[in-house]
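None of the figures in this text is laboratory data; all of them are computed from the coordinates on show. All values reported here derive from a predicted model rather than from experimental measurement. No Cβ is skipped: glycine too gets one built from the backbone with ideal geometry, and neighbour counts run over all protein chains shown.
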Amino acid sequence: MRDLRVFADLKLIDISETLSTDGVLLREAKPELLTTMCVSGLTAMQALKAELPDTEVLGVTVLTSLKDADTQAMFTCQTEEAVMRFAEVAAQANIDGLISSPKEVEMLRAKFGVVLSLNTPAIRPTWAIVPGDDQNPDRIMTPAKAIKAGADRIVVGRPIVGDKNPYDAVMRTIEEIAMATS
């Protein structure tokens, strides 16, 4: 490889045998970070992690586009309860971290401390307007607010890749973070 750092946001979901095979196939790419869906369950996440001991495996709790009505219909509970249920499974599986809305970071940090890294998508810088944004507006935050809430990493996707000048979008985001954290 070209010494690139790879975040494989694949949201892998399947049975343990399949996730084990996925891990074997991904070894060559050496992703630094890899996502799996917590709904895959304990043994599947353990099997994936066993094949990729040097990769930080992150469990996606509840997709940031989902609302309470969605999680009620899918998991028979409110979003925060679903996030906590899936986070518990991830912790039992001994994977490395979680992907969750920034709105749940404080709750997750209180429960898990620093045992799991907390990684937050649905980040919208103050300057960002994303046409047709499918994120649940109740579960998004600015970069600064997510970091102050306790996120270890933020994921800023569409505001940057959808910008006319992605480099400038990155620089504006970095400036926004620096101003808020100084």
Subject >> Rounded to whole Hz, the Karplus (6.51, -1.76, 1.60) HN-Hα couplings of segment 23-35, x for glycine and proline >> reply: x, 4, 5, 7, 3, 4, 6, 6, x, 6, 10, 9, 9
Subject >> Integer Hz, Karplus 6.51/-1.76/1.60 couplings in order for segment 68-73, x for Gly and Pro >> reply: 4, 4, 5, 5, 5, 5
Subject >> Arg5/Ala180 FRET efficiency (R0 25 Å; Cβ-Cβ; nearest 0.05) >> reply: 0.50
**OP:** Quick one: Debye curve from the alpha-carbon atoms of segment 1-74 only, equal weights, vacuum; give me log10 I(q)/I(0) at q = 0.13 Å⁻¹ to two decimals.
**Re:** -0.40
Original post:
What number, in percent, do you get for the relative contact order of the chain if the mean sequence gap of Cα pairs under 8 Å and at least 6 apart is divided by its residue count?
Top reply: 16
Subject >> CD proxy at 222 nm, helix term only [per DSSP H run n ≥ 4: -39500 (n - 2.57); per residue of the chain; nearest 500] >> reply: -12500 deg cm²/dmol
Original post:
Across 10 Å bins from 0, what is the distribution of all Cα-Cα pair distances for segment 48-140, in whole percents?
Top reply: 16, 44, 30, 9, 0
Original post:
Mind checking the alpha-carbon convex hull of the chain and giving the volume per residue in Å³?
Top reply: 127
Original post:
Check Leu12: other-chain or 5+ apart residues with amide H under 5 Å from its amide H, H built from backbone geometry?
Top reply: Thr35, Thr36, Met37
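Evaluate the charge dipole of segment 13-83 about its Cα centre and quote only its size in Debye, nearest 20, assuming +1 on the Cβ of each Lys and Arg and -1 on the Cβ of each Asp and Glu. Spell out each step's value before the answer.
Numbers: 4 positive and 12 negative charges, 8 e Å.
Using only the charged Cβ atoms, the result is roughly 40 debye.
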**OP:** Determine the gain in length on full extension of the stretch Ser65-Thr18; use 0.36 nm per residue of separation and subtract their C-alpha separation, reporting nm with one decimal.
**Re:** 14.3 nm
Original post:
How far is it, in nm, from the label point at Leu42 to the one at Met107 when both lie 7 Å from their Cα along the line to the Cβ?
Top reply: 2.3
Original post:
Could you give the dipole magnitude of segment 1-44 about its Cα centre, charging the beta-carbon of Lys and Arg +1 and that of Asp and Glu -1, in debye to the nearest 20?
Top reply: 140
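For a protection proxy built on the mean count of beta-carbon atoms within 10 angstrom, sort 144-151, 118-125 highest first, please.
118-125, 144-151
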**OP:** Would you work out the charge dipole size for the chain about its Cα centre, treating the Cβ of every Lys and Arg as +1 and the Cβ of every Asp and Glu as -1, and quote it to the nearest 20 debye?
**Re:** 360
Original post:
At what distance in angstrom do the alpha carbon centres of segment 85-117 and segment 1-68 lie from each other?
Top reply: 15
Subject >> In nm, spacing of pseudo-spin labels at Ala73 and Ala29 (7 Å Cα→C-beta vector) >> reply: 3.1
**OP:** Place +1 on the Cβ of every Lys and Arg and -1 on the Cβ of every Asp and Glu in the chain, take the dipole about the Cα centre, and give the residue among Val155, Ala50, Thr71 whose Cα lies farthest towards its positive end.
**Re:** Val155
Original post:
Once the dipole of the chain is set up with Lys and Arg at +1 and Asp and Glu at -1 on Cβ about the Cα centre, which of Leu33, Val105, Val115 lies farthest towards its positive end?
Top reply: Val105
